[in-house]
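Read the structure below first, then the notes.
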2 protein chains.
Amino acid sequence: MQTFFQYNWMIREEWYKWCEEVPLEELLKVRTGGVGGILHTLFHIIDVEWSWIRLMQGKPDFKESFDDYQSLERVKELDVLFKKEVEEFVLSWNPQMEHNEVRETSQDGIVEIFTCGEIMRHVIAHEIHHIGQLSVWSRELGKKPVSANLIGKGLTT
Amino acid sequence: MQTFFQYNWMIREEWYKWCEEVPLEELLKVRTGGVGGILHTLFHIIDVEWSWIRLMQGKPDFKESFDDYQSLERVKELDVLFKKEVEEFVLSWNPQMEHNEVRETSQDGIVEIFTCGEIMRHVIAHEIHHIGQLSVWSRELGKKPVSANLIGKGLTT
């Protein structure tokens, strides 16, 4: 489980580097698909990862607004801030936590019960999926996207 | 590990259903990013998944050409054919196989050594990444993409 998180964090850092070579205007531009933009996607990934980790710990969530994170620096700052807590939880993960149950109340008041195992996998898949969207927008910009390869990165358990 | 494969197979089936409502011309249309098209992406996912599973079993690979799979039915047939072998391997996966080493010779003759653990995760991430690309193209077509949610699908170990 940890390996996938390491992979996602590594890829995210590479996308930040990629972003450094792209004008802010392009990073903020509203695009078709996903949450609608490059920087917005990175912000969304960070927010969602942190929110689920908080939920599993029984800690309160709060909704950050992308309006307050309109630069690469601001998004990276948020990442550093949230990552500390996320990393601590991920590194303490063990298979005994797999079936721990978590209640989630949706915006329309419906209560759902998830296991921590499925939440962890959901968070992992969530980032990879959104990174796939970045890769299309990257090509639309005429730029080579960050490689999504997991092999060859020394990511062994 | 198996849970992620189950997730990917489930999502893939949902994309096949999505494809049924889209003209073949749109499924074959060359697009920006990834391998360059919707049906081509699904073909690529199937091919890559199967090829890595074959490699881990020490079985010979062969390169299918997308030119021979220019319809949804043909791609689904290939999936059924390959899936049998892939599923057998995935369901027999156990953590003792994590550090088994596999040699891969690249097209330019370079030999690389990967562990089965990193290959399995690479195959998982590979599909999720490409499905993210489909979701952008889906919106470009004005269609709602298949949800990438892993939670709420009963995918617990």
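Of the set (1) in contact (Cβ under 8 Å) with a residue 40 or more places away in the chain; (2) within 14 Å of chain A (Cβ to nearest Cβ), all apply to residue B:72 but (2).
Checked against the criterion of being within 13 Å of chain B (Cβ to nearest Cβ), outside any helix (DSSP H, G or I) and buried (at least 16 other Cβ atoms within 10 Å of the Cβ), the candidates A:102, A:123 yield just one match: A:102.
Select from the range A:1-35 the residues that are in contact with a Gly (Cβ under 8 Å, 6 or more places away or on another chain) and of a type in the set (Lys, Arg) and list them in ascending order. Within the range A:1-35, A:29, A:31 meet the criteria.
Residues that are closer than 17 Å to residue B:105 by Cβ and either without any contact (Cβ under 8 Å) to a residue 24 or more places away in the chain or not charged (D, E, K, R) (or both) within the range B:39-63 comprise B:48, B:51, B:52, B:55, B:56, B:57, B:58, B:59, B:60, B:61, B:62, B:63, listed in sequence order.
Of the set (1) open to solvent by less than 40 Å² (accessible area, probe 1.4 Å); (2) within 14 Å of another protein chain (Cβ to nearest Cβ); (3) in contact (Cβ under 8 Å) with a residue 12 or more places away in the chain; (4) more than 17 Å from residue B:124 (Cβ to Cβ), all apply to residue B:36 but (3). When residues of the range B:105-120 are filtered for being more than 7 Å from chain A (Cβ to nearest Cβ), more than 30 Å from residue A:104 (Cβ to Cβ) and surrounded by 13 or more Cβ atoms within 10 Å (Cβ to Cβ), how many remain? Total meeting the criteria: 1.
The residue of the range A:126-145 that is nearest to the chain's Cα centre (by Cα), among those that are open to solvent by less than 10 Å² (accessible area, probe 1.4 Å) and free of Cβ contacts under 8 Å to residues at least 24 places away in the same chain, is A:132. Does residue A:92 qualify as being farther than 16 Å from residue A:37 by Cα, among the polar types (S, T, N, Q) and more than 14 Å from chain B (Cβ to nearest Cβ)? So residue A:92 fits the description; yes.
Just one of the listed residues (A:99, A:126) is more than 30 Å from residue B:102 (Cα to Cα) and either at pLDDT 95 or above or out of contact with any His (no Cβ under 9 Å at 6 or more places or on another chain) (or both), and it is A:99. For the range A:54-67, the condition holds for at least one residue, the condition being that it is in contact with a Cys (Cβ under 7 Å, 6 or more places away or on another chain), modelled with pLDDT of 95 or more and within 14 Å of chain B (Cβ to nearest Cβ). Restricted to the range B:76-99, and to residues there that are of a type in the set (A, V, I, L, M, F, W, C) and open to solvent by 50 Å² or more (accessible area, probe 1.4 Å), the residue that is farthest from the chain's Cα centre (by Cα) is B:91. Among residues that are open to solvent by 70 Å² or more (accessible area, probe 1.4 Å), at pLDDT 95 or above and not hydroxyl-bearing (Ser, Thr, Tyr), residue A:49 is not included. Evaluate the range A:9-18: report whether one residue or more is open to solvent by 30 Å² or more (accessible area, probe 1.4 Å) and within 14 Å of chain B (Cβ to nearest Cβ). There is at least one residue in the range A:9-18 that is open to solvent by 30 Å² or more (accessible area, probe 1.4 Å) and within 14 Å of chain B (Cβ to nearest Cβ). Across the range A:148-157, the number of residues qualifying as without any contact (Cβ under 8 Å) to a residue 24 or more places away in the chain and of a type in the set (Gly, Ala, Ser) comes to 2.
The values are calculated or read from the model by the stated rules, or taken from the named source; none is laboratory data. The model shown is predicted, which means the values in this text are computed figures rather than measured ones. Reconstructed Cβ throughout: ideal geometry from the backbone, glycine too, with neighbour counts over all protein chains shown. Each accessible area value is taken on the protein alone, full model and side chains, heavy atoms only, with ligands, DNA and RNA left out. Shrake-Rupley method; radii C 1.70, N 1.55, O 1.52, S 1.80 Å.
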